[in-house]
Amino acid sequence: MWRALVFIGLLCVAAFGAVWLADRPGTVLITFAGYEIRMSVAVAAIALAGLALFLALLWSLVSGILHLPSRLTFASKARRRSRGYQAISRGMVAVGAGDTIAARRYANEAERLLGREPLTLLLKAQAAQVSGNREAAEAAFSQMMEEDETRVLGLRGLFVEARRRGDAGAAQQFASEAVRLAPAAAWASDAVLEARCADHDWRGALEAVERRASLGLLNKTTAKRHRAVLLTADALERVDHDPDGALRSAQDAVRLAPDLVPAAAMSGRLLSRKGDLRRAAKVVETAWRSLPHPDLADVYLNLRPGDSGLDRLKRAETLMKLSGGAPEGRLAVARAALEAREFARARDALDPLLQERPSMRVCLLMSDLEQAEHGSTGKGREWLSRATRAPRDPAWLADGIVSDHWLPISPVTGRLDAFVWQAPPDVLVAPELTLHDDVTADLDDEPRPLPAVVTSSPEVVPAPAPVSEPVASNEPVPEPEDDVLKNELRAALSDEQPVRQETSLPPPGPVIFPATPPDVPKPKEEAAARRSVFSVW
């Protein structure tokens, strides 16, 4: 539309000029070399315009002849470039499809046509990784390091290769250099944070979290939670040699995350040692309202050393009121009542937990209650037998690991704040590895081998001992004395092996706890059965 209007406007201007010249007649005289040329002004204007057009055409012809070799060269380069990028496209498709032969062929063709282009180097590295040629992949990533625009990509590739060959020091150096060059690179900041956590450099990890939060790589809620976890880890490491520093770190963690159980438990325990019972109780009560936990109950019941069993029972009843009758509150009351020899109160607390299918800890408490109230009876053995088949109580879980105490990072992936408090499943299945879907997935970290599922840390718990059906008779069954039972427990624990971090994938299929054939429990088997339960009391 606008072009049509402009064209019409130019026609109007030309018509106006022609009319203007026609209304003003005149003569143009040219004298050159004895010749005299006389013409009107209109004819002279037309001749001048024709001469300008002729000169423009002549210049275009001469310029075209002069630039013909360069244009032919440019067309050849354009064709080579087009073929090169076509080879890159086909090579990336071959990499994604896992066709190693085609990937190498297209990578060589792209390098021949395009030279050391960034995409050419990337395809070359990808083809080498798919083919399993790690040395060629590292060489391609090292070439990327020589160019400014591909330096961070080269660092990432070298970082991944260093991780694959198990060179943690080199991987950390590559990640640190990438953070220096590109602070917003999420993979590099994650790797630096992971390395500092693995080295137990909690203060350095805090700096990494602060930097990630300032760059917008973490939202405020997650950053606050990570700071609290790192401060708790620092407090756990300093509690033995620097109690005051550990208390400061724990209190800072509680301020950031009042519901973080390990921080609240440590803060309450250290405050009670200093005699500040009111603040200790407040910290524990706040965390207990969010998540009733046995560690919090243990700290709260023992705030003041030397208290009687009745005093601890009163505190346990306070916890049960705060939790609204939650199972952990009832377990705390039952344990405190058992220690205070208030057997009726212990039965009242446990009675709602016996309505459906009581858990392991509930069965063990009932076994202790029967033995403490009635002596060595068949009912105690009956509850102990039921404990080996009862549902498992909540524990700390992360990435297929079941632990009886909290850890700041996952032992499998190194992920921060990975452990959650929940009941483990009855059938434990190793997590499946996920396949890479995108064509550049080989630049990402390889899935790490997962260790076998562990039911306790730092020791592996043996399988539950064979147990019998509930004893029908009420006659007392001979049972070893307490000191003999303790010796048998130590003997059972001495047979256990330390946790092994496997270097290969676990066997396929679920890891299922063996069924318990009917048999009469023996003292050593009884101790092993008790050890198989996470007793946090």
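Under the convention that each Lys and Arg Cβ holds +1 and each Asp and Glu Cβ holds -1, the size of the dipole of the stretch 129-208 around its Cα centre is about 220 debye.
Annotation for the stretch 202-270 versus the stretch 1-70: alpha-carbon center distance of 84 Å.
When a/c reaches 1.5 or more, the comparison of a/b and b/c decides; with that in mind, is the stretch 99-155 rounded, prolate or oblate per its Cα gyration tensor?
Oblate, since a/c reaches 1.5 and b/c is not below a/b.
Between Leu57 and Val43, the simple spin-label model (points 7 angstrom out along Cα→Cβ) gives 2.2 nm. For Glu109, the solvent-accessible surface computed with a 1.4 Å probe is close to 50 Å², ligands and nucleic acids excluded. Rounded to whole numbers, the Karplus 3J(HN,Hα) couplings from phi for the stretch 217-224 are 7, 10, 6, 5, 5, 5, 4, 5 Hz, using 6.51 cos²θ - 1.76 cosθ + 1.60 with θ = phi - 60°, and x at Gly and Pro.
Treating r as the C-beta distance of Glu149 and Arg203 and R0 as 35 Å, the FRET efficiency rounds to 0.50. For Ala395, the residues whose amide H sits under 5 Å from its own are Gln422, Ala423, ignoring neighbours fewer than 5 places away on the same chain, with H placed 1.01 Å from N.
For the stretch 321-393, what is the convex hull (Cα atoms) projected area averaged across all directions, in square nanometres? All intermediate terms of the calculation are to be shown ahead of the outcome.
Numbers: hull surface 18.5 nm².
Answer in nm², one decimal: 4.6.
Evaluating 6.51 cos²θ - 1.76 cosθ + 1.60 at θ = phi - 60° for every residue in the stretch 10-27, the Karplus couplings come out as 5, 4, 5, 5, 5, 4, 4, x, 5, 5, 5, 5, 5, 6, 10, x, x, 10 Hz, glycine and proline recorded as x. When every Cα-Cα distance of the stretch 129-188 is counted in 10 angstrom steps from zero, the calculated P(r) takes the values 26, 55, 19, 1 percent.
Over the stretch 218-257, Cα pairs under 8 Å with separation of 6+ residues give a relative contact order of 46 percent.
What FRET efficiency would be calculated for the residue pair Asp307, His374, taking the C-beta separation as r and a Förster radius of 25 Å, to the nearest 0.05? So, using R0 = 25 Å, E works out to roughly 0.40.
So if I place +1 on the C-beta of Lys and Arg and -1 on the C-beta of Asp and Glu, and nothing else carries charge, what would the dipole magnitude of the stretch 1-152 be about its Cα centre? I want it in debye, nearest 20.
On the way: 17 positive and 12 negative charges, 89 e Å.
It comes to approximately 420 debye.
Normalised by the residues of the stretch 228-300, what does the relative contact order come to in percent, with Cα pairs under 8 Å and at least six apart?
Values: 100 pairs, mean separation 19.7, N = 73.
Computed value for the stretch 228-300: 27 percent relative contact order.
Here the Karplus curve 6.51 cos²θ - 1.76 cosθ + 1.60, taken at θ = phi - 60°, turns the phi angles of the stretch 302-318 into couplings of 10, 4, 10, x, x, 5, 6, x, 5, 5, 5, 5, 5, 5, 5, 5, 4 Hz, with x standing for Gly and Pro. Structural size metrics of the stretch 26-125, computed from C-alpha coordinates, are Rg and Dmax of 29.1, 87 Å. Diffusion coefficient of the stretch 140-293 by Stokes-Einstein, Kirkwood radius over Cα pairs, 25 °C, 0.890 mPa s: 143 µm²/s. Extension gain for the segment Arg80 to Ala15, taken as residue separation times 0.36 nm less the Cα-Cα distance, is 18.3 nm to one decimal.
Could you order Val43, Val283 so the one with the most accessible surface comes first? Probe is 1.4 Å. Could you put the intermediate results ahead of the total?
Numbers: Val43 75, Val283 30 Å².
Largest accessible area first, the residues go Val43, Val283.
Once you divide the Cα radius of gyration of the stretch 222-261 by 2.2 N^0.38 Å, the number left is 1.05. Amide H contacts of Ser40 (H built 1.01 Å from N, in plane; Pro and chain starts excluded): Val28 sit under 5 Å, all sequence-distant by 5 or more or on other chains. Over the stretch 231-372, all Cα pairs binned in 10 Å intervals from 0 give whole-percent P(r) values of 13, 39, 30, 16, 2, listed from short to long.
Taking all protein chains together and a 1.4 Å probe, the residues Trp2, Trp288, Trp59, Trp406 rank Trp2, Trp59, Trp406, Trp288 from largest to smallest accessible area.
The values are calculated or read from the model by the stated rules, or taken from the named source; none is laboratory data. Quantities reported herein were computed from a predicted structural model and do not represent experimental measurements. Note that each Cβ is placed from the backbone with ideal geometry, even for glycine, and that neighbours are counted across all protein chains shown. We work out accessible area using only protein heavy atoms, side chains counted, and drop any ligands, DNA or RNA first. Shrake-Rupley method; radii C 1.70, N 1.55, O 1.52, S 1.80 Å.
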